[in-house]
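To keep things clear, I will list the structure first and then write my remarks on it.
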Amino acid sequence: EGLSQHGATSPRLIVVSNRLPVTVRKDESGEWNFRVSSGGLVSALAGVKNKIPFVWVGWTGVEVATSEQDEMSRRFQEEMNCYPVYLSAADANLYYNGFCNEVLWPLFHYVPLPIVSSDGERKFDFKYWDAYSKANHRFAEAVMQVYEPGDLVWVQDYHLMLLPSLLRKRIRDVTIGFFLHTPFPSSEVYRILPVRSKVLQGVLAADLIGFHTYDYARHFLSVCTRILGLDASPKGVTYKDHFANVGIFPIGIDPNAWIKALRSPSVKERILELEEKFRGKKVLLGVDRLDYIKGVPHKLMAFRNLLSNHPEWKERVVLVQIGVPSRTEVDEYKKLISQTNELVGRINAQYGSVEYAPIVFINQSVNFDDLCALYTVADVAVVTSIRDGMNLVSYEYVVCQQERHGVLVLSEFAGSAQSLSSAIRVNPWNTEELANAMHEALTVPERERALKHWKLYHYVTKHTAAFWARSFVSELQQIERLMKMQDVH
Ligand code: GDG
């Protein structure tokens, strides 16, 4: 146990994701600064650390001159166990903004490609595809630099769908896992993708393909049958003599990080300040990256209906909406910022007064303490995604509501709606229904709130990020063992 077949070192988990969990920036003196970020994947992997050591491969997020790369790689490796992938700014733009975020992201969230883009050109640009393929090759080369026989490779998300096959070509018996953090769409939407077969074939070289929900897995399997004509069973798909297992691994959060923060003096102080600020008012809260999949305009319009249908709420309810800037180089996201600002302005102008602005829109990221405090003081959290792989905000709100038992309004199009059945579930496209749900949420009696909360809390604290990572990695290890046994025979 603990020794790889080659005896020297124990096998590691090589995690590959688009970005490393580190923000790299050049300071004024020209020195590179590294700041480790505390993303969801980081806390998830903390849950497997004592099971298997891991290293991380990913893009730096910035262009680094060739002359500086060796030194940077050395620092990454020594300080953080990370192996950077370098991309030129031009390639990164076509790969990341282009193929990932203008093609795959919208399509996987049921937003089909526009017939013509704003500059009158065809939307699907093969330059994007070439850059995507080139970037995936770069990641494959980076993994090859790190890989030692016996290591497991775990590829994350839609940015790297060709990577499993590129690795398989280089190392025949490598064990590869792939996890998709977004939804996987129905075959009728997926088939729009001009390079649909190539993308599928890329992923199918993995040994285990994981999704958040049963529906995403089901869509994937039927796409394999309908587009590639493959035999699929609920367990997986065979493609060219290789069996790709398919599994469902719903991600979660690290509840303890939030529970601990809620006990800290700085968060407690922030809670008191916010309570004072919102005294006499109910608080609805939205926390989203400013992405069109989050349905922020849908939420604002429903909130407007709440104010017009229920004038009694005037001056007595506030919607605090965090909209963290995201992918601001992509046209659709630029449009969304101005639409959101305009809608907020109009609603505040129509329903506000000298003392009262019904919507507080924060178009910035807030710090962790503030976020904890906001989750705590909010009477209702409103998640209105038009599609969302899972949606961790809904979970975070639940763990911060242990004392107050706030109510969660949750879109049925978020993956988390599959498990959080005690939320008030809504169709965000039905503005009137969403407005009614907000009203209902604001008026649920305490006994009912406590019961609903208890059920939600139970789920969120059990299905954690660490549990997700552990389940995926143990399944992958089991598959590896089975494969080795078959090789022996
Ligand atoms: C993708 C999928 C899937 C937000 N604002 C602030 C802030 N946040 C943090 C939240 C939460 C995270 O960002 C957002 O996570 P979500 O899961 O809600 O959404 P995506 O970013 O779209 O993530 C999603 C996820 O991958 C995991 O598989 O669930 O469906 O789309 O943790 O707390 N954090 C801070 N300030 C903010 O202003 N500090």
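What is the one condition in (1) within 8 Å of the ligand (Cβ to nearest atom); (2) in contact with a strand residue (DSSP E or B) (Cβ under 7 Å, 6 or more places away or on another chain); (3) in a helix (DSSP H, G or I) that Val366 does not satisfy?
So the condition that Val366 fails would be (3).
Filter the stretch 56-82 down to the residues that are surrounded by fewer than 21 Cβ atoms within 10 Å (Cβ to Cβ) and under 20 Å from Tyr158 (Cα atoms) and list them by number.
Scanning the stretch 56-82 gives Gly61, Val62.
Determine, yes or no, whether Arg289 is among the charged types (D, E, K, R), under 29 Å from Leu113 (Cβ atoms) and out of contact with any Phe, Trp or Tyr (no Cβ under 6 Å at 6 or more places or on another chain).
yes
Look at Lys26 and say whether it is free of Cβ contacts under 8 Å to residues at least 40 places away in the same chain, more than 16 Å from the ligand (Cβ to nearest atom) and among the basic types (Lys, Arg).
Here the answer is yes, as Lys26 does meet what is asked.
Just to check your reading of the model, which residue among Gly345, Gly352 is exposed (fewer than 15 other Cβ atoms within 10 Å of the Cβ), small (Gly, Ala, Ser), modelled with pLDDT of 95 or more and away from the ligand (no atom under 13 Å from the Cβ)?
It is Gly345.
Filter the stretch 400-414 for residues that are surrounded by fewer than 24 Cβ atoms within 10 Å (Cβ to Cβ) and more than 12 Å from Lys452 (Cβ to Cβ) and give the result.
Gln402, Glu403, Arg404, Glu412, Phe413, listed by residue number.
Name the pairs whose Cβ atoms lie under 6 Å apart, with the first residue in the stretch 387-407 and over 14 Å from Val460 (Cβ atoms) and basic (Lys, Arg), the second at pLDDT 95 or above and near the ligand (Cβ under 9 Å from one of its atoms), and 6 or more positions between them or separate chains?
Within 6 Å, the pairs are Arg387/His109; Arg387/Pro183; Arg387/Ile293.
Going by what's in this entry, would Glu433 be described as farther than 26 Å from Lys268 by Cα and either touching a residue at least 40 places away in the same chain (Cβ under 8 Å) or part of a helix (DSSP H, G or I) (or both)?
Spelling it out, Glu433 is indeed farther than 26 Å from Lys268 by Cα and either touching a residue at least 40 places away in the same chain (Cβ under 8 Å) or part of a helix (DSSP H, G or I) (or both).
Go through the stretch 375-388 and report how many residues are within 15 Å of Val287 (Cα to Cα) and within 9 Å of the ligand (Cβ to nearest atom).
4
Would you check if there is a residue in the stretch 84-103 being closer than 24 Å to Leu152 by Cβ and either under 16 Å from the mean Cα position of the chain (by Cα) or not hydrophobic (A, V, I, L, M, F, W, C) (or both)? Outline the logic, then answer.
Taking the stretch 84-103 and keeping what is closer than 24 Å to Leu152 by Cβ, we get 84-85.
Subsequent filtering for residues that are either under 16 Å from the mean Cα position of the chain (by Cα) or not hydrophobic (A, V, I, L, M, F, W, C) (or both) retains 84.
So far as the stretch 84-103 goes, yes, one or more of its residues are closer than 24 Å to Leu152 by Cβ and either under 16 Å from the mean Cα position of the chain (by Cα) or not hydrophobic (A, V, I, L, M, F, W, C) (or both).
When residues of the stretch 25-45 are filtered for being touching a Pro at 6+ places or on another chain (Cβ under 9 Å) and either surrounded by fewer than 19 Cβ atoms within 10 Å (Cβ to Cβ) or not aliphatic (A, V, I, L, M) (or both), how many remain?
Result for the stretch 25-45: 5.
Conditions tested, residue by residue: (1) in contact with a His (Cβ under 9 Å, 6 or more places away or on another chain); (2) of a type in the set (Lys, Arg); (3) within 12 Å of the ligand (Cβ to nearest atom); (4) at pLDDT below 95.
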{"residue": "Met390", "(1), (2), (3), (4)": "yes, no, yes, no"}
{"residue": "Val399", "(1), (2), (3), (4)": "no, no, yes, no"}
{"residue": "Val409", "(1), (2), (3), (4)": "no, no, no, no"}
{"residue": "Ser421", "(1), (2), (3), (4)": "no, no, no, no"}
{"residue": "His439", "(1), (2), (3), (4)": "yes, no, no, no"}
{"residue": "Arg447", "(1), (2), (3), (4)": "no, yes, no, no"}
{"residue": "Thr461", "(1), (2), (3), (4)": "no, no, no, no"}
{"residue": "Asp487", "(1), (2), (3), (4)": "no, no, no, yes"}
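Quick check on my filter: what residues within the stretch 233-287 are within 24 Å of the chain's Cα centre (by Cα), charged (D, E, K, R) and surrounded by 13 or more Cβ atoms within 10 Å (Cβ to Cβ)?
The answer is Asp254, and nothing else.
Please give the number of the condition Ser197 fails out of (1) closer than 15 Å to Lys240 by Cα; (2) in contact with a strand residue (DSSP E or B) (Cβ under 8 Å, 6 or more places away or on another chain); (3) part of a helix (DSSP H, G or I); (4) of a type in the set (Gly, Ala, Ser).
(2)
Take the conditions surrounded by fewer than 20 Cβ atoms within 10 Å (Cβ to Cβ) and aliphatic (A, V, I, L, M) and apply them to Val360. Does it pass?
The answer is yes for Val360.
Condition check ((1) in a helix (DSSP H, G or I); (2) buried (at least 24 other Cβ atoms within 10 Å of the Cβ); (3) in contact with a Lys or Arg (Cβ under 8 Å, 6 or more places away or on another chain)) across all residues:
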| residue | (1), (2), (3) |
| --- | --- |
| Asp370 | yes, no, yes |
| Ser394 | yes, yes, no |
| His439 | yes, no, no |
| Leu442 | yes, no, yes |
| Ala450 | yes, no, no |
| Leu456 | yes, yes, no |
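The values are calculated or read from the model by the stated rules, or taken from the named source; none is laboratory data. It should be emphasised that the depicted structure is a prediction, and the values quoted were computed from it without experimental measurement. Please note: Cβ atoms are built from the backbone with ideal geometry, for glycine as well, and neighbour counts cover all protein chains shown.
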